[in-house]
């Protein structure tokens, strides 16, 4: 069975950096989930307006469709998606046993500082509060790999690889 990892967390937790490195280490496909957002969602976030669930449903279904395409093709992969709520993860994971959740967990202060230091990203730091307010941390029944984002990207990826291989 080919594993498909969904790297989740609030904006600024390092999803893209970690997912690219993880996909490279595993030699598998990579998908930046944000690339599947409709233009209206991106514009809404750029303007500082949090997305609603109604905004997110088509985006989540598009990511799930890509996951299903990989499954049909027998491919492994790594996908980034904030996946903040259990209902979102239910769409992405559902009854797909080969899909594993990787939760990049960090303090609001650490992630705020990281977001303030980055440039050329559509998500303004002002929306971080709404991301943490919406966050429903994954429960044990979701079999998440939980990794603290306080370490270096290399250490974070090494920990994810260790847990994936267990």
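The values are calculated or read from the model by the stated rules, or taken from the named source; none is laboratory data. Model, not experiment: these values are computed from the prediction. Ideal geometry is used to build each Cβ from the backbone, glycine not excepted, and the neighbour counts take in all protein chains shown.
Summary of values
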{"item": "Residue satisfying all of: in the range 107-129; surrounded by fewer than 19 Cβ atoms within 10 Å (Cβ to Cβ) and assigned to a loop (DSSP other than H, G, I, E, B); modelled with the highest pLDDT among these", "result": "107"}
{"item": "Those residues of the range 4-41 which are at negative phi, at pLDDT 95 or above and in a loop (DSSP other than H, G, I, E, B), in sequence order", "result": "28"}
{"item": "Residue in the range 42-65 that is part of a helix (DSSP H, G or I) and in contact with a strand residue (DSSP E or B) (Cβ under 9 Å, 6 or more places away or on another chain) present", "result": "yes"}
{"item": "Cβ pairs under 6 Å, 6+ apart, first in the range 24-50 and within 17 Å of residue 5 (Cβ to Cβ), second assigned to a loop (DSSP other than H, G, I, E, B)", "result": "28/76; 29/75; 33/81"}
{"item": "Verdict on residue 95 being in a helix (DSSP H, G or I), at pLDDT 90 or above and more than 17 Å from residue 17 (Cβ to Cβ)", "result": "no"}
{"item": "Test for residue 33: is it closer than 17 Å to residue 157 by Cα, touching a helix residue (DSSP H, G or I) at 6+ places or on another chain (Cβ under 6 Å) and surrounded by 16 or more Cβ atoms within 10 Å (Cβ to Cβ)", "result": "no"}
{"item": "Single residue of the range 65-88 satisfying the filter (farther than 21 Å from residue 161 by Cα and crowded, with 20+ Cβ neighbours inside 10 Å) that is farthest from the chain's Cα centre (by Cα)", "result": "88"}
